[in-house]
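Take a look at the structure below.
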Amino acid sequence: MTPRGIRNCNPLNIRRTAKDQWKGLRDQQQDSAFCQFKSLEYGWRAAFYLLTRTYYHKYRLYTIRTIIRRWAPSSENNTEAYIANVARLTGIGPDEPLGIPLEQPARWMMLGAAMAIQENGTSSLDYFAMLRGWEMARGET
């Protein structure tokens with residue numbers, strides 16, 4: 001069966017909130033917990049927007065450990081295992097700064113891909129949609 005995050009075109013399983021105004025949301029939100037997007041590109045766009053603009057610039061979270069602790073809190077996840085898996089997949093140490101997103105885009109895309117693998121498994125990822133989503137997120141001010 002296709003993982004929930006892929007069915008929802010939401011590869012990082014972004015939770016729904018009362019303030020959701022993401023571009024590309026489906027008109028009908030039928031998942032009570034997670035956002036549903038019209039395409040994977042829009043889901044990736046939202047994920048990269050959150051990671052680079054909200055987590056990096058607003059909250060000043062620069063490492064895998066600090067990002068994952070906020071993204072996947074221990075009240076809902078095995079956060080330390082999530083951190084270890086993302087660090088292993090990316091080859092980036094959990095406490096190593098990822099760098100400025102515009103200067104180190106590959107590191108941020110690896111982070112996103114590794115988080116999507118953690119959330120959904122490996123067989124359902126569309127890396128071209130991920131790259132298009134990155135471009136969509138970076139092309140906006």
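The values are calculated or read from the model by the stated rules, or taken from the named source; none is laboratory data. It should be emphasised that the depicted structure is a prediction, and the values quoted were computed from it without experimental measurement. So basically every Cβ, Gly included, is an ideal-geometry build from the backbone, and we count neighbours across all protein chains shown. Note: accessible area is taken over every heavy atom of the protein model, side chains too, but ligands, DNA and RNA are not part of it. Shrake-Rupley method; radii C 1.70, N 1.55, O 1.52, S 1.80 Å.
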Check your understanding: Taking the Cα centre of the chain as the origin, how large is its charge dipole in debye, to the nearest 20, when only Lys and Arg (+1) and Asp and Glu (-1) carry charge on their Cβ atoms?
Key -> 300 debye
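In a shell of Cβ-Cβ distance under 15 Å around Met130, excluding Met130 itself, what net charge do Lys and Arg (+1) and Asp and Glu (-1) give? If you can, show how the numbers build up before the last one.
On the way: positive: Arg45, Arg107, Arg132, Arg138; negative: Glu41, Glu119, Asp126, Glu135.
Surrounding charge for Met130 is 0.
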**Study point:** Cα gyration tensor shape of region 4-76, rounded if a/c is under 1.5, else prolate or oblate by comparing a/b with b/c
**Key:** prolate
Revision key, fill the gap. Residue separation between Arg16 and Thr2 times 0.36 nm, minus their alpha-carbon distance, gives in nm 3.0 nm
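Report the far tail of the P(r) of the chain, meaning the percent of Cα-Cα pairs longer than 26 Å.
Numbers: 1554 of 9870 pairs.
Summing the P(r) of the chain above 26 Å gives 16 percent of all pairs.
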**Study point:** Whole-percent carbon and sulfur share, accessible surface of region 2-118, 1.4 Å
**Key:** 48 percent
